[in-house]
């Protein structure tokens, strides 16, 4: 009788593991800077984070913010080639330098804190535009109109991290992102009004 009970228990356990899709313990390491495309499952149309409660918030923030920063760098590099205004080129240089440094910092944290955790889907919230849209408007106007909501997406993610992050390093980075990007948004809104009457 005990033998039958043990066999039934093991059979039930096997079925349960199969149903849950159990994953092996060892998983690929952190995402790399080459991951420029938005991650699958990332929501680009609604504010408010929907994170996976089974995964560490800090890992989801890092994975989402790395991808988000990479989008800003792509747009800024495009502006360095196409912008007609020195102010936009200077801002773009600042964005590239600051956000690449933050990516490097976050990749280091990711590797140190979550070495065996597979890449997550990030924070599943509106990240804003990830590229400068084509159109008839001047490039600098289109760049500003893309970068403002992109920055707003980063600020929303950072504010979420201020409330939910476990590590002080993440909270400190979140505060730095909010301060820098709110100032850049104010600057860009001024240019949009001054240059394009928008």
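Computed from the coordinates by the stated procedures, all read-outs in this text should not be read as laboratory data. None of the values given here were measured: they were computed from a predicted structure. Please note: Cβ atoms are built from the backbone with ideal geometry, for glycine as well, and neighbour counts cover all protein chains shown.
Key figures
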| quantity | calculated |
| --- | --- |
| Where labels lie 7 Å past Cα in the beta-carbon direction, separation of residue 80 and residue 196 in nm | 2.2 nm |
| Cα gyration tensor shape of the range 134-198, rounded if a/c is under 1.5, else prolate or oblate by comparing a/b with b/c | prolate |
| Footprinting exposure proxy for 145, 93, 194 (fewest neighbouring C-beta atoms within 10 Å first) | 194, 93, 145 |
| Cα centroid separation - the range 156-198 against the range 104-119, whole Å | 23 Å |
| Segment residue 189-residue 168, extension gain: residue separation times 0.36 nm, minus the distance between their alpha carbons | 4.4 nm |
| Anisotropy class of the range 116-160 from Cα gyration tensor, a/c 1.5 cut | prolate |
| Highest average packing first - 153-162, 109-118, 51-60, Cβ atoms within 10 Å | 153-162, 51-60, 109-118 |
| Order of 196, 143, 61 - criterion: other Cβ atoms within 10 Å of each residue's Cβ, fewest first | 196, 143, 61 |
